1. For the stretch 215-257, with only Lys/Arg (+1) and Asp/Glu (-1) charged at the beta-carbon, what is the dipole magnitude about the Cα centre, in debye rounded to 20?
2. Where the Cα atoms of the stretch 34-278 are projected onto their three principal axes, how long is each span, largest first, in whole Å?
3. Roughly how big is the chain's charge dipole about its Cα centre, with Cβ charges of +1 (Lys, Arg) and -1 (Asp, Glu), in debye to the nearest 20?
4. Find the all-direction average of the projected area of the Cα convex hull for the stretch 215-280, expressing the result in square nanometres with one decimal place.
5. Using only Cα atoms, what Kirkwood radius does the stretch 224-320 have, in angstroms?
6. Between Arg404 and Lys24, what length comes free when the chain is fully extended (0.36 nm per residue of separation minus the Cα-Cα distance, one decimal in nm)?
7. Once you keep just the Cα pairs under 8 angstrom separated by 6 or more residues, what percentage relative contact order results for the stretch 34-278?
8. Can you divide the C-alpha Rg of the stretch 1-75 by 2.2 N^0.38 Å and report the result to two decimal places?
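What follows is calculated from the coordinates using simple rules that are stated; it is not laboratory data. What you see is a predicted model; the values in this text were computed from it and never measured. Quick reminder, even Gly has a Cβ in these numbers, built from the backbone with ideal geometry, and neighbours come from all protein chains shown.
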Amino acid sequence: MHRFAYKNGELWCEQVRVSEIARKIGTPLYLYSYNTILDHYRQVQKAFAPVRALICFAVKANSNLAVCRALVKAGAGFDVVSGGELRKVLQAGANPKKIVYASVGKTPSEIEAAIRSGILLFNVESSQELERIEQICRRLRRRQQVSLRLNPEVDPHTHSFITTGHKASKFGMDLKTVLALLRSHRHYPHLIISGLHIHIGSQILEPGPFRAAIRKALAVVEKGKRWGIRIQTLNIGGGLGIIYHRETPQTAAEYARAVLPLLQRSRLKVILEPGRYIVGNGGILLTRVLYLKQSHSRQFAIVDAGMNDLIRPSLYGAYHQIQPVMVNGKGTGRRARYEIVGPICESGDFLAKNRLLPTIKGGDLLAVMGAGAYGFVMASNYNTRPRPAEVMVRDNRWHVVRDRETVRDLFHGERIPGFLR
């Protein structure tokens, strides 16, 4: 569910005309609905209220400062995967005791900054990482809580690039390694191994893989008890899918009904790390048609947004609905098939293939739906192109929450050495 809807043949975001924002700010443009994002956060919060779960928004999905601040004010915690994300959520006012830190490649400086910030937990991905955190805590004379990330070897039936719980994945540790670390917990006097973490992938549409992974994690908890190790927290990760096209994903409530019996019996503190579910359908990418071109049997609509602005279609073959901002009165006008392509000098630069749409003309505004997650955060400056602006709408007002980059911005930090002058 989202708050982008047509009124009198024109697309609105909440109570604001999308075309008004595009006219004043230009395109490409990322546009977020504040109330959609908060609605989805509250759905997860309500669904897992019986276990009083800590909902840690996965910042990698959308790290805009305003998005993070909105979730801070709603009571969210945060799942961060870099020093930059940690700095950003702290800047947004996050409570450090609601921050969990993932990533397979935490650097010593990132670990130290997180310890000094007082975060709740590290999700530890390897035995060497655990040793590194112990060393840094010893030097700082601090104690730190950690969770061990278990790779449960569960197939989530999603795209291979966003699958993280199978044997060949770089993420997490196998069962043998996790059990060995639990048994040797006394070798880490500055660490409190108080949790287990699982995360099996993204855009998962059914509850079965989640249940299977949780059962495997709970079996580890039981073994730990026999060795005198009290695991207090189970972080079940994120991965809830959303509707991009014809998917029929489980809702937060349906997911909760499937896994709550397991979690309630365990009596563990529960952490979730949803990202896409909260922001995915809370944002769109606006783009304007530059040119139309017929080539053999194909009709190309060349737009001003490219793979550098939204890489998911090129990277994953991902499907995003594309809608005209202005439509014929009853949507009964002529339709045609288009290749929606960008200006980047790559054959892989496309937003949609063979898409049936109302007849397009130069200057038309198009809305790429479901772009609130893994949109701007994956944008680049390829072809020396400035990244888009970001705008947030709340009710009948809109606010620029990130200025559009300029070409001058792209030269920042570069210099010509003296021998080339």
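1. Using only the charged Cβ atoms, the result is roughly 340 debye.
2. Extents along the principal axes: 50, 38, 33 Å.
3. 1000 debye
4. Quarter of the Cα hull surface area: 4.9 nm².
5. Every distinct Cα pair counted, the radius reaches 17.7 Å.
6. Result: 135.6 nm gained on full extension.
7. Taking the mean separation of contacting Cα pairs over the length of the stretch 34-278, I get 21 percent.
8. 1.32
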